[in-house]
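So the structure is just underneath, and the comments pick up after that.
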Amino acid sequence: MSSPFGKAVVIADRRAGPLPRDTGGLSAVVAGSGIDFEIRSTNPGTGPATLARQAVDEGCAFVVAAGDDATIHEVVNGMMEEEGPRNPEAILGVLPTRSDFVRTFGLPQGAAAAAPHLAGGNVFGLDVGLIRCTARGEPHRRWFVNVAEVGLGAEIVRRIHRLPRRLGHVRQLLAFWGALGQFDPVPSRIALDERSFEGSLTNLVVANAQFMQEGRPVAPRAHPGDGKFDVLIAKGTKRDYVETLTKMPKGNHLPSPSIKEYHAVCLEVDADAPLAIAADGLAVGETPARFQLIPSALRLKI
């Protein structure tokens with residue numbers, strides 16, 4: 001049985017955790033879905049974004065990210081160009097090793113469990129966010145589909161990726177306490193469509209989807225097809241930030257007197273000192289920054 005979207009190119013990210021150990025094992029998993037496909041694996045010189053870009057430019061309309069949220073992020077960036085999708089008809093499929101992004105759609109974790117969802121014609125019009133910021137002193141842009149942060153949360157992400165992967169979950173603890181000890185709220189200015197915020201900023205969440213940090217519903221009402229970001233401005237102390245994290249697993253962190261909630265299509269962020277920016281669990285740059293949502297930029301296979 002062939003897919004109504006044609007042959008799928010599966011981007012296998014070997015850095016992303018527990019995919020089947022070899023290409024043959026992954027092939028068996030994908031073959032169970034009944035679609036036509038080929039697998040292209042990453043290597044030290046060629047990442048998911050490059051492979052996805054090549055696939056779309058070759059005429060492939062069905063690109064499947066096999067890996068984690070970072071893999072999905074990179075594949076999306078390969079499928080997008082400067083202002084929008086390289087191919088407006090492109091389909092994004094996902095075979096997640098572990099992914100917060102897919103939780104919003106009720107898709108299962110694990111490549112074998114998710115493979116049957118590659119068959120058939122069900123798709124979701126997926127909004128995609130664009131970040132224009134600064135990285136290493138130069139203008140930079142990144143696309144994202146799940147959740148972006150500015151401030152303390154992004155600083156934690158930046159520190160995590162500076163620590164050796166061999167530390168496992170210990171590096172998350174080291175990054176968290178290191179960032180918490182050194183970060184201070186920064187006077188900031190945020191312009192959101194027709195509204196604005198000015199004051200000390202601890203953390204800013206720009207959410208297209210709902211979950212982050214291994215299943216925490218950071219923005220439980222976010223809908224990645226409604227054409228608007230859910231924006232959460234944490235203006236409280238670091239103690240308030242920690243309290244929010246402890247309440248978040250059960251979704252009890254909202255409403256909160258220390259968090260302002262907005263909806264916006266576009267927002268601009270500036271601060272008295274540069275603040276780190278993270279998106280989909282990856283460090284991407286620092287402020288000043290502009291976030292813009294592109295409605296239904298891609299179609300997600302569900």
Result of the Cβ filter at 8 Å on the stretch 192-217, keeping first residues that are touching a residue at least 24 places away in the same chain (Cβ under 8 Å) and at positive phi and partners that are aliphatic (A, V, I, L, M) and part of a strand (DSSP E or B), at least 6 apart or interchain, is Asp193/Ala264; Asp193/Leu267
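Go through the stretch 31-42 and report how many residues are surrounded by fewer than 16 Cβ atoms within 10 Å (Cβ to Cβ) and among the hydrophobic types (A, V, I, L, M, F, W, C).
Start the filter on the stretch 31-42 by keeping residues that are surrounded by fewer than 16 Cβ atoms within 10 Å (Cβ to Cβ), which leaves 31-32, 34, 36, 38.
This time we only want the ones that are among the hydrophobic types (A, V, I, L, M, F, W, C), so: 31.
Matching residues across the stretch 31-42 total 1.
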Only unsatisfied item for Ser188, checking (1) part of a strand (DSSP E or B); (2) crowded, with 19+ Cβ neighbours inside 10 Å; (3) within 17 Å of the chain's Cα centre (by Cα), is (3)
Residue pairs qualifying under the 9 Å Cβ cut-off, at least six apart or on distinct chains, with the first in the stretch 137-160 being not assigned by TED's automatic domain parsing to the domain that holds Leu282 and the second being among the polar types (S, T, N, Q) and surrounded by fewer than 24 Cβ atoms within 10 Å (Cβ to Cβ), are none
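Go through the stretch 220-267 and give me each residue that's under 26 Å from Ser296 (Cβ atoms), in a loop (DSSP other than H, G, I, E, B) and among the small types (Gly, Ala, Ser). Walk me through how you get there before you give the answer.
Step one: list which residues in the stretch 220-267 are under 26 Å from Ser296 (Cβ atoms), which gives 220-232, 261-267.
Among the residues that remain, those that are also in a loop (DSSP other than H, G, I, E, B) are: 220-228, 265.
Scanning the stretch 220-267 gives Ala222, Gly225, Gly227.
Out of curiosity, is Ala283 surrounded by fewer than 21 Cβ atoms within 10 Å (Cβ to Cβ), part of a strand (DSSP E or B), in contact with a helix residue (DSSP H, G or I) (Cβ under 7 Å, 6 or more places away or on another chain) and outside the structural domain of Ala113 (by TED's automatic domain parsing)?
Working: surrounded by fewer than 21 Cβ atoms within 10 Å (Cβ to Cβ): yes; part of a strand (DSSP E or B): yes; in contact with a helix residue (DSSP H, G or I) (Cβ under 7 Å, 6 or more places away or on another chain): yes; outside the structural domain of Ala113 (by TED's automatic domain parsing): yes.
Yes: the conditions hold for Ala283.
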Checked the stretch 129-172 for anything assigned to a helix (DSSP H, G or I) and over 21 Å from the mean Cα position of the chain (by Cα); matches are Arg166, Leu167, Val170
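I'd like to verify a number: residues in the stretch 218-237 that are farther than 19 Å from Arg189 by Cα and either buried (at least 21 other Cβ atoms within 10 Å of the Cβ) or touching a helix residue (DSSP H, G or I) at 6+ places or on another chain (Cβ under 7 Å) (or both), how many? Walk me through how you get there before you give the answer.
Taking the stretch 218-237 and keeping what is farther than 19 Å from Arg189 by Cα, we get 218-228.
Narrowing further to those that are either buried (at least 21 other Cβ atoms within 10 Å of the Cβ) or touching a helix residue (DSSP H, G or I) at 6+ places or on another chain (Cβ under 7 Å) (or both): 218-219, 222, 224.
Number satisfying all stated conditions: 4.
Restricting to the stretch 158-206, name every residue that is touching a strand residue (DSSP E or B) at 6+ places or on another chain (Cβ under 8 Å) and farther than 16 Å from Gly236 by Cα. If you could, list the steps in order and put the result at the bottom.
Initial filter on the stretch 158-206 (touching a strand residue (DSSP E or B) at 6+ places or on another chain (Cβ under 8 Å)): 158, 161, 183, 185-193, 195-206.
Residues satisfying the conditions are Arg158, His161, Ala191, Leu192, Asp193, Arg195, Ser196, Val206.
For (1) crowded, with 22+ Cβ neighbours inside 10 Å; (2) in contact (Cβ under 8 Å) with a residue 60 or more places away in the chain; (3) more than 22 Å from the chain's Cα centre (by Cα), each residue gets a yes or a no:
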site	(1), (2), (3)
Val10	yes, yes, no
Leu19	yes, yes, no
Val29	no, yes, yes
Met79	yes, yes, no
Arg86	no, no, no
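The values are calculated or read from the model by the stated rules, or taken from the named source; none is laboratory data. It should be emphasised that the depicted structure is a prediction, and the values quoted were computed from it without experimental measurement. Every residue, glycine among them, receives a Cβ derived from its backbone with ideal geometry; neighbour counts consider all protein chains shown.
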